[in-house]
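Read through the structure below, which is laid out as structure tokens, and then see the notes.
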Amino acid sequence: MPRVKTATKTSAPSSSPGRQLRYAVAMSLDGFIAGPAGEYDWITMDPDIDFGAIFKRYDAFVMGRKTYQVSGAGMMGGSTVVVFSTTLRPEDHPGVTIVSGPVEPAIRDLKARPGKDIWLFGGGELFRSMLAARLVDAVDVAIVPILLGDGIRFLPSPAPRAGLSLTNHRHYPKSGIMSLEYAVTYR
């Protein structure tokens, strides 16, 4: 039986030093981050994935309204949570920063503060707008071996072009998940 290489780290230049905005998400093999109704029951929970270590990498979470309403901020306790929404009222969501304006100044301000990396948590449309503003430093995608056929796209069209340099990968044999980490390079 051939040996399976489970993790490799390569060095690639980061698009920005210090605190990074990382789009970290699970994706089906056919490019969806959620089903047609926003469902995520297809995401396999592999026992070898160390979610504690993943969460320790971040102290700030950024998401859109839809992701926030599905996930809430409960699992991000004690962290900075920023939600981009034109419909949520800040007074109805204590402990969460609601931003109704442009993404760029809010993210640049967050990145300028000391701290750990920032998790862009779900939301293909928000990812697209932040990629267009050249704010995303890394893309971390866990490819789940399933074909959904329809749903919420990883990166909806039209989207800007950006280069990616592989910085790390890991295969989880029990679930078949392939975890890929890329540094984003802008042209």
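Taken together, the values in this text are just the output of simple stated rules run on the coordinates, not laboratory data. Source: prediction; values computed, not measured. Note: ideal-geometry Cβ built from the backbone for every residue, glycine included; neighbour counts use all protein chains shown.
Treating each Cα of the range 128-172 as an identical point scatterer and ignoring solvent, apply the Debye formula and state log10 I(q)/I(0) at q = 0.19, 0.26, 0.32 Å⁻¹.
Taking Cα atoms of the range 128-172 as identical point scatterers yields -0.82, -1.13, -1.23.
Could you work out the relative contact order of the range 50-164, using alpha carbon pairs under 8 angstrom and six or more residues apart, expressed as a whole percent?
Relative contact order here is 26 percent.
Grab the DSSP H runs of the chain that are 4 residues or longer, score each as -39,500 (n - 2.57), total them, divide by all residues and round the 222 nm result to the nearest 500 deg cm²/dmol.
-4500 deg cm²/dmol
Please give me the summed charge of the neighbours of residue 116: other residues whose Cβ is under 12 Å from its Cβ, Lys and Arg +1, Asp and Glu -1.
Residues close to residue 116 contribute a combined charge of +4.
Give me the net charge for the shell around residue 24: Cβ to Cβ below 10 angstrom, other residues only, Lys and Arg +1, Asp and Glu -1.
-1
Answer with a single label: of [x] 17.3, 57; [y] 19.8, 60; [z] 16.4, 59, which was calculated as Rg and Dmax of the Cα atoms in Å from the structure in view?
[z]
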